[in-house]
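Heads up, the thing below is written out as structure tokens.
The values are calculated or read from the model by the stated rules, or taken from the named source; none is laboratory data. Keep in mind it's a predicted model, so treat the numbers as computed, not measured. Every residue, glycine among them, receives a Cβ derived from its backbone with ideal geometry; neighbour counts consider all protein chains shown. Ligands, DNA and RNA are excluded from the accessible area calculation, which covers all protein heavy atoms including side chains. Shrake-Rupley method; radii C 1.70, N 1.55, O 1.52, S 1.80 Å.
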Amino acid sequence: MEIINLSNQNSIINQYMAEIRDKEYQKNRLLFRNNIMRIGEYEAFELSKTLDYEPKDVVTPLGVSCVNVPTDKIVLATIFRAGLPFHQGFLNIFDHAGNAFVSAYREYKDAEHHQVGIHVEYLATPSIEGKNLIITDPMLATGGSMELGYKTFLTKGTPKRIHVCCVIASPEGIDHIRKTLPEDKTTIWCAAIDPGMNEHKYIVPGFGDAGDLCYGDKL
Ligand code: PRP
Ligand code: URA
């Protein structure tokens with residue numbers, strides 16, 4: 001399984017990451033969502049380099065230009081609710097893609113808030129048969145939401161390739177994906193890999209609760 005960590009190279013993505021991690025910048029939700037979207041755009045652009053391409057003749061007003069265009073069919077899938085701005089970033093780049101949505105929310109199973117359970121209630125997706133399935137979700141913490149999302153999308157076909165795309169991944173989340181998604185056709189993309197998680201299964205240092213930072217508190 002290939003793991004591509006975009007922070008291994010310096011790029012403008014570091015600036016967006018510095019801002020979304022900064023608790024002062026985080027007070028501005030519009031900026032937070034916008035930076036998550038821009039990280040999605042950047043990640044999508046990098047991912048586009050790995051697709052299959054073929055030459056196509058395009059008629060311009062003055063002649064014919066042969067352009068290499070992507071041939072892969074793409075479904076952009078995301079997990080409510082924190083996935084939405086990140087998904088929008090990918091959709092800005094892959095504007096011809098199909099779109100799939102699933103709801104998955106984490107709920108603590110114990111009074112101490114140490115054990116997390118994940119629930120799915122909603123699915124809307126086109127067929128993913130033979131497609132490049134790009135699942136976008138900013139945080140890969142335990143990996144439970146991503147696994148459950150993937151398995152729910154899998155009820156609608158078998159993808160050709162799977163791209164697990166996040167902003168920050170934990171080593172435990174990456175291990176979980178290695179164990180539960182097909183090794184030979186999955187790539188993990190992230191903008192950072194942080195050292196671990198706290199006792200409440202939040203990535204540290206991370207940036208906090210992605211859903212709340214995008215959309216505010218929930219009950
Ligand atoms: C966040 C995030 C992932 C999940 C990752 O969603 O968007 O879906 O946590 O955690 P995991 O890898 O341990 O499963 P959250 O449950 O906070 O829901 P929200 O988007 O509704 O706020
Ligand atoms: N979900 C979040 O929103 N943040 C984390 O750090 C982990 C899971």
Mind running the shape call on region 1-156? Use the C-alpha gyration tensor, a ≥ b ≥ c as the square roots of the eigenvalues: rounded below 1.5 for a/c, prolate if a/b tops b/c, oblate otherwise. oblate
Could you tell me the accessible area of H200 in Å² (1.4 Å probe, neighbours in place), rounded to the nearest ten? 60
Quick one: how many Å² of C66 are accessible to a 1.4 Å probe, rounded to 10? 90
Tally the DSSP beta bridges in the chain and give the antiparallel ones as a percent, rounded to 5. 40
Before rounding to the nearest 500, sum -39500 (n - 2.57) across all DSSP H runs of length at least 4 in the chain and divide by the residue total; then give [θ] at 222 nm in deg cm²/dmol. -9000 deg cm²/dmol
Quick one: accessible surface of M139, probe radius 1.4 Å, all protein chains present, in square angstrom to the nearest 10. 40
Enter the angle in degrees (range 0 to 90, nearest 10) between the Cα long axis of helix 171-180 and the first principal axis of the Cα atoms of the chain, meaning the one along which they spread out most. 60
Report the local net charge at V67: Lys and Arg +1, Asp and Glu -1, summed over other residues whose C-beta lies under 13 Å from its C-beta. -1
Using the Cα centre of the chain as origin and beta-carbon charges of +1 (Lys, Arg) and -1 (Asp, Glu), tell me which of Y215, I118, P55 is placed farthest towards the positive end of the dipole. P55
Gyration tensor verdict on region 92-219 (Cα atoms; rounded if a/c is under 1.5, prolate if a/b is larger than b/c, oblate otherwise): prolate
Of the accessible area of region 100-147, computed with a 1.4 Å probe and all protein chains kept, carbon and sulfur make up a percent value of 48
Region 147-191: trypsin sites (Lys or Arg not before Pro) in DSSP loop, at most 16 other beta carbons within 10 Å: K160
Whole-Å distance linking the alpha carbon centroid of region 151-172 with that of region 23-88 is 17
Quick one: pull the percent of accessible area on region 1-83 belonging to carbon and sulfur, 1.4 Å probe, ligands and nucleic acids left out. 52
Suppose the chain between E54 and R81 were pulled fully straight at 0.36 nm per residue; how much longer would it get relative to their current alpha carbon spacing? 6.1 nm
Averaged per residue, what accessible area in Å² does the chain show with a 1.4 Å probe, protein chains only? 50
Pairs beyond 18 Å (Cα-Cα), from K23/K109; K156/K179; K151/K218; K49/K73; K151/K185; K109/K151: K23/K109; K156/K179; K151/K218; K109/K151
